[in-house]
Amino acid sequence: MMYRGSQTVSTYVETPKANGEDIGQDREMTDDIFDTTYTEKEGPKPPRKIVWRNVILMSMLHIGALYGFFFIPAAKPATLLWAVVCFMLSALGVTAGAHRLWSHRSFKAKLPLRIFLAVSNTMAFQNDIFEWARDHRAHHKYSETDADPHNAMRGFFFSHIGWLLLRKHPDVIEKGKKLDLSDLYADKVVMFQRRHYKKLILVMCFIVPTVVPWYFWGESLYTAFYVPCLLRYALVLNATWLVNSAAHMYGNRPYDKNINPRENRFVALGAIGEGFHNYHHTFPYDYTASEFGIRYNLTTCFINLMCYFGLASDCKRVSKETIMARQLRTGDGSQRSG
């Protein structure tokens, strides 16, 4: 094992090996390291093309979610608890699953845990794991450039939701095709979800959250649909999007002042641990995505619990010496968040 650095990130590289269900999990990881050689093309930017289907669907979702707030006072306590459970499951499917496991391979997960995270990720409905991980690796490798899917230099609205309402910049597509995604292709759980994604999201994101309260404790279908289904779904989406928008604009940069991502504890609270973004872009392989372990970080607590039960292992961490050296070398000198 050794450390490899660039101008903006440091990460460590492991000797490639493959063993059964963990195939692809130990290969050398370089596609989440910032590429300092990439330069944007000169000349006028390509015209923006609106995806009207997404505009209509996202508008309908958020109108429905806002309407769902009016159902909260009439909802049964069990329904509200169920909405929280669905929120947490959805969020973990993104943070622990698509992000820390499949995008960065910051820890290993056995088959039962990978299945659980894939099911939870399907409930979150934020594109399938393969596409999510591919775009996220491109986001790290080409951060704040035309090849970044949600380039924060294009403004808060674009990095928050606008990137889903427009056709991708040609550089995003071009560079995304050049990423090494062999580990994702080798994961049968990831590929199963990708093949059956439309059917799975219908069941996990919409039917299960709605039917469970109605069937098991007699909640009205309207309340079940608008609270644990639509409102929960919209809240998870926006909590995740804030990592792309607010955590790239508001906060300090104690680890690397030369990159845009920031430390934002409020985003960390909403996104169950994903708001310490200056640290994460500096050390993308760290399974905690934060210097502070489990503080403000329910995702790290979950991964630690899975390690206790033997379902997760080989969690990667940054040494205190490396963190301190990086702060002195490239940090903004601010007080650390957390």
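The values are calculated or read from the model by the stated rules, or taken from the named source; none is laboratory data. Note that the structure is a prediction, hence the values are computed from the model and not measured. We place every Cβ from the backbone using ideal geometry, glycine too, and count neighbours over all the protein chains shown.
Answer yes or no: is there a residue in the stretch 179-191 that is over 24 Å from R100 (Cβ atoms) and modelled with pLDDT of 95 or more.
Of the stretch 179-191, the ones over 24 Å from R100 (Cβ atoms) are none.
No.
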Inset, instruction - Output the residues belonging to the stretch 302-320 that are surrounded by 14 or more Cβ atoms within 10 Å (Cβ to Cβ) and in a helix (DSSP H, G or I). - result: F302, I303, N304, M306, C307
Inset, instruction - Might you let me know whether the stretch 151-162 holds any residue that is surrounded by fewer than 21 Cβ atoms within 10 Å (Cβ to Cβ) and among the basic types (K, R)? - result: yes
Inset, instruction - Select from the stretch 291-322 the residues that are at pLDDT below 95, of a type outside the set (D, E) and within 24 Å of M249 (Cβ to Cβ) and list them in ascending order. - result: F292, R295, Y296
Legend entry - Residue match in the stretch 82-101 (condition: among the basic types (K, R), surrounded by fewer than 23 Cβ atoms within 10 Å (Cβ to Cβ) and assigned to a helix (DSSP H, G or I)): no
Inset, instruction - List the number of the failed condition for A75; all other conditions in (1) part of a helix (DSSP H, G or I); (2) out of contact with any Leu (no Cβ under 7 Å at 6 or more places or on another chain); (3) among the aliphatic types (A, V, I, L, M) hold. - result: (1)
Legend entry - Unmet criterion (only one of (1) surrounded by 24 or more Cβ atoms within 10 Å (Cβ to Cβ); (2) outside any helix (DSSP H, G or I)) for M123: (2)
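Looking only at residues in the stretch 184-200 that are aliphatic (A, V, I, L, M) and surrounded by fewer than 20 Cβ atoms within 10 Å (Cβ to Cβ), which one is farthest from A91 (Cα to Cα)?
Residues of the stretch 184-200 aliphatic (A, V, I, L, M): 184, 186, 189-191, 200.
Next, only the ones that are surrounded by fewer than 20 Cβ atoms within 10 Å (Cβ to Cβ) stay: 186, 191.
On the way: A186: 24, M191: 21 Å.
Top of the filtered list is A186.
Just to verify a result, which residue in the stretch 249-285, among those that are of a type in the set (A, V, I, L, M), in a loop (DSSP other than H, G, I, E, B) and within 13 Å of the chain's Cα centre (by Cα), is surrounded by the fewest Cβ atoms within 10 Å (Cβ to Cβ)?
Of the residues in the stretch 249-285, the ones of a type in the set (A, V, I, L, M) are 249, 259, 267-269, 271-272.
Restricting the remaining residues to those that are in a loop (DSSP other than H, G, I, E, B) gives 249, 259, 271-272.
Of the ones still in play, those that are also within 13 Å of the chain's Cα centre (by Cα) are 271-272.
Working: A271: 29, I272: 23.
Among them, the one singled out is I272.
So which residues in the stretch 4-61 are assigned to a loop (DSSP other than H, G, I, E, B), over 20 Å from W102 (Cβ atoms), among the hydroxyl-bearing types (S, T, Y) and at pLDDT 50 or above, if there are any at all?
Of the stretch 4-61, the ones assigned to a loop (DSSP other than H, G, I, E, B) are 6-9, 14-19, 23-49, 51.
Okay, now just the ones that are also over 20 Å from W102 (Cβ atoms), so 6-8, 15, 35-49, 51.
Okay, now just the ones that are also among the hydroxyl-bearing types (S, T, Y), so 6, 8, 15, 36-39.
Within the stretch 4-61, T36, T37, Y38, T39 qualify.
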